[in-house]
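Colleague: For reference, the structure I am asking about is given below.
Rule-based calculations on the coordinates, nothing more; no lab input. Note that the structure is predicted; figures quoted are calculated from it, not measured. A quick note on method: Cβ atoms are made from the backbone with ideal geometry, for glycine too, and the neighbour counts reach across all protein chains shown.
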Amino acid sequence: MNLSIAVDTISLAHSIRDGETLVSASQSFELGFFTPGNSNNRYLGIWYKFNHSTVVWVANRKNPITDKQGMLVMNDDGNLVLLSKDKKIIWSTNSSSVLENPVGQLLDSGNLVIRDNINMNSDSYVWQSFDYPSDTFLPGMKLGWNLRTTLERYLTPWRSDDDPSPGDFSLRLDIQGLPQLVITTGSSKEVRSGPWNGRQFGGTPFSDKVVHNFIFKAMLVHKQDELYYIYEPFNNTVRTHIVLHQSGTMHRRVWNWKTTEWSILYTWPFDSCDHYAECGANNNCRINKTPSCDCLKGFIPKAEDEWDTQGLSQSRKCIEKSPSENCQSGEGFLKLPAIKLPDFNWSNNSMNIKECEAECFKNCSCRAYENPDVSGGSGCLMWFGDLIDIRECPPGFSWGQDIFLRVPASELVQHYSNKMKRIKIIAVVSTFTGVFILVLVLCTVWKKTKNRGLESTEEEEEVPLIDMSTIAAATNNFSQANMIGMGGFGPVYKGNLSTGQEIAVKRLSNNSGQEIVSGKKNRGFCHPDHHLNLLGHAWVLWNNGRALEVKDVCLEDSFIESQVLRCIHVGLLCVQMFPEDRPEMSSVVFMLENEGLLLPQPKKPGFFTERGFIPGSTSSSKEKSHTENAMSITTLDGR
């Protein structure tokens, strides 16, 4: 049983023995000794206070203690030192900085730091555990490089559930070219994200909007001395982290406070196309198509007889279809849409896209170019030689970027010839369809007009506009002799106009609840307390704290209140005014399944119509109606 001490610091006058723990100020993290799995060894580590089995950092990964006599102390040099029972140094922070009043502190972020006792500034830390991560990437931790000291911060998994020593894989920030995330074994890449595109790393499941809109904000920071990837949750109650599993798979996990367990938000690699160079050089990996590997435009399989029905080959490489065509002899660029950008790029942040195209065209070795910044900024990426590790963006994701691929003139001619054929076919079909619909509409209108004929005219003449004095004269001032019947809302009179035309007039009784108005449709009705559709009604009820009133009364008590409220909450998030605020459909399922996940408050919907009219004269000539439609429009582009 561990004994927690009331402070979050350790100084020269204190020590932490096996069985004692240090707890952060907000009770989020705890530091102490633990035994993993079925092992008998003891390790110094940090874990979540609310979930002791989730260890996020281990000090002596490579050098375990074999008994329960270990002790953590602060020595006179200002270093934290882990000692065995015979005072042998098992592990040390090994900092060369000297402090007058050194203190070790476990922060609420899970970071163990050494600082001066009178200086709380993070710049004063002479050592911190965040610089030496284990298998867990916590919020506020930097994954990347200190360019001045060449310190690299990267993750390595546990070797097994019983052994926290470093495994074979590592998760790193690759800074050769534009920064990108890689999972490696030794110097070999196993999995690679796309390069940073100004908002996120392309080509990964964590490019989904749920990550950036509802869970955390991710950033790539490039300073003079540092280049690193970092993230922070939007809500302090959200507990999330990335862990690198011993199998080489990365998991993003979120703590579900309701079920008191971790929910996996996503894993990476996501599918087989995420494996590095799955289809070889100059190939596009397409997970939902057969064959899954497809040579890029202008390329063919290196050896046709080596390819099987799945599109794979022994060499898994595509070569140029027309290598004999000379450079700058009519070749050009074709757009390859919605892909993960290939590896090994050359970048120039000062070029715009036109300059990038011109520069690539001048260099016969340039295979492709692209503007990497999806936020609209400048920048140029170019690729030389074979194009490695391209994959198609799978359905349900939106991280794909376009690349402009250099192709020979023959490929351009074929492409535009096929395009013109498609345009002609579409034009012919569209014209025929349009003419057919037009003829159909004209026939329908003609038929209706013929059927109604004079009947329509007579119906219009049955409700003429006649002044009151004329009606009174025609009905002999509504005399009893002219009354021909009694309706539900008043008597009906016959009369004769001065033209000789016979008319029938209904006179509404005072208690009928009816009245004669301007004689035009009330098209501008607008009541501040009512909405013309369910969405507007639901939005008002939500803002007034009465969202449950939107449920169907037929449900009676056969529902769980929290689930109904969450469905309404998620529904309103899906119809917010601006598309960038709405979650992806792949995120909606996650939000519905994880009730412990706190959701942001929805913003004003964009899919309901507000209607009103400008008060004024009841004359139809002065009526002004208006419609404000806040609906957003999503443009679908075919891939």
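Colleague: Can you work out the Karplus-derived ³J(HN,Hα) for every residue in region 559-571? Use 6.51 cos²θ - 1.76 cosθ + 1.60 with θ = phi - 60°, whole Hz, and x for glycine or proline.
Modeller: 8, 9, 4, 5, 6, 5, 4, 5, 5, 5, 4, 5, x
Colleague: Another one. Sorted from fewest to most neighbouring beta carbons within 10 Å, what does the list Cys380, Cys295, Cys567 look like?
Modeller: Ascending Cβ contact count within 10 Å gives the list Cys567, Cys295, Cys380.
Colleague: Still on this model: Could you tell me the largest-minus-smallest coordinate of the C-alpha atoms of region 1-129 on each of the three principal axes, in descending order and whole angstroms?
Modeller: Taking the Cα atoms of region 1-129, the three principal extents are 41, 33, 23 Å.
Colleague: Using only the Cα atoms of region 1-67, what are the Rg and Dmax in Å?
Modeller: That works out to 11.7, 35 Å for Rg and Dmax.
Colleague: Quick check for me: using +1 on Lys/Arg Cβ and -1 on Asp/Glu Cβ, what's the dipole size of region 1-129 about its Cα centre, in debye to the nearest 20?
Modeller: My answer is approximately 520 debye.
Colleague: What full-extension length gain, to one decimal in nm, is calculated for Ser498 and Asn256 as 0.36 nm per residue of separation minus the Cα-Cα distance?
Modeller: That pair, Ser498 and Asn256, stretches by 78.7 nm at full extension.
Colleague: Based on the mean of other Cβ atoms within 10 Å per residue, sort peptides 499-508, 105-114, 24-33 so the most packed one is first.
Modeller: 105-114, 24-33, 499-508
Colleague: While we're here: When you count, for each residue, the other Cβ atoms within 10 Å and take the mean per peptide, how do 193-203, 259-269 rank with the highest first?
Modeller: 193-203, 259-269
Colleague: Taking every pair of Cα atoms in region 133-270, average 1/r, invert it to obtain the Kirkwood radius, and report Rg/Rh to two decimals.
Modeller: Numbers: Rg = 14.7 Å, Rh = 15.5 Å.
Over the Cα atoms of region 133-270, Rg/Rh equals 0.95.
Colleague: Of the cross-linked pairs Lys142/Lys297; Lys189/Lys317; Lys340/Lys362; Lys62/Lys340; Lys142/Lys289; Lys297/Lys340, which ones have a Cα-Cα span greater than 28 Å in the structure shown?
Modeller: Violating the 28 Å limit, Cα to Cα: Lys142/Lys297; Lys62/Lys340; Lys142/Lys289.
Colleague: Counting other C-beta atoms within 10 Å, which of Trp57, Trp446 has the fewest, and how do the rest follow?
Modeller: Going from least to most buried by this count: Trp446, Trp57.
Colleague: Moving on to the next point. What ranking of Glu359, Glu278, Glu232 emerges when the number of other C-beta atoms within 10 Å of each C-beta is taken as an exposure proxy, fewest first? It would help to have the intermediate numbers written out before the result.
Modeller: Working: Glu359 16, Glu278 20, Glu232 12.
Lowest to highest Cβ neighbour count: Glu232, Glu359, Glu278.
Colleague: Long-range amide H contacts for His241: which residues qualify at under 5 Å (H placed 1.01 Å from N, peptide plane, sequence gap of 5 or more or a different chain)?
Modeller: Arg253
Colleague: Using packing as a proxy for protection, rank 83-96, 120-133 so that the peptide with the highest average count of other Cβ atoms within 10 Å comes first.
Modeller: 120-133, 83-96
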